[in-house]
Amino acid sequence: MKNVLRFLKPALLVAGVMVLTSCGGGDGGTSAALTTGVRAKIYASYTGSQQGVTVRNLNLNQTSNFSTGFNISGIDAGPNNEIYLASGNKLYRYHASGALITTMTFPDPLINYTDVSYAGP
């Protein structure tokens with residue numbers, strides 16, 4: 001799995017888009033993981049007349065979206081269909097369905113989180 005993530009990493013961040021892959025089957029090698037049981041979602045944040053997250057398949061067709069009500073400065077995919085967001089002095093943990101799981105606010109309002117990254121198993 002580690003080799004798969006290293007192989008995919010250059011494709012993970014493209015213009016603020018994060019790709020989450022879930023690999024199943026095979027022996028865990030790169031070729032097996034890329035060809036057997038791969039499901040992927042693309043999460044992208046947006047601003048403008050609306051603010052939120054769009055969930056898309058690999059053909060870039062939207063499968064769902066949700067509004068956050070704030071500008072997102074960083075986005076990353078986590079485990080269990082979770083999405084981590086950064087904005088101002090706050091970090092957010094959402095479910096891909098749009099349900100807010102938890103929020104952390106840094107006490108200094110002058111702090112501005114510019115990005116977020118998940119480094120789990």
Exercise for review: Would you order Ser49, Ser64 from fewest to most other beta-carbon atoms within 10 Å of each residue's own beta-carbon?
Suggested key: Ser49, Ser64
Study note, to complete from the structure: Counted neighbours (other Cβ, 10 Å), sorted fewest up, put Tyr43, Tyr84 in the order Tyr84, Tyr43
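Any read-out appearing in this document is the output of simple, stated calculations on the displayed coordinates, not a laboratory observation. Bear in mind the structure is a predicted one, so any value in this text is a computation, not a measurement. Note that we place each Cβ from the backbone using ideal geometry, even for glycine, and neighbour counts take in every protein chain shown.
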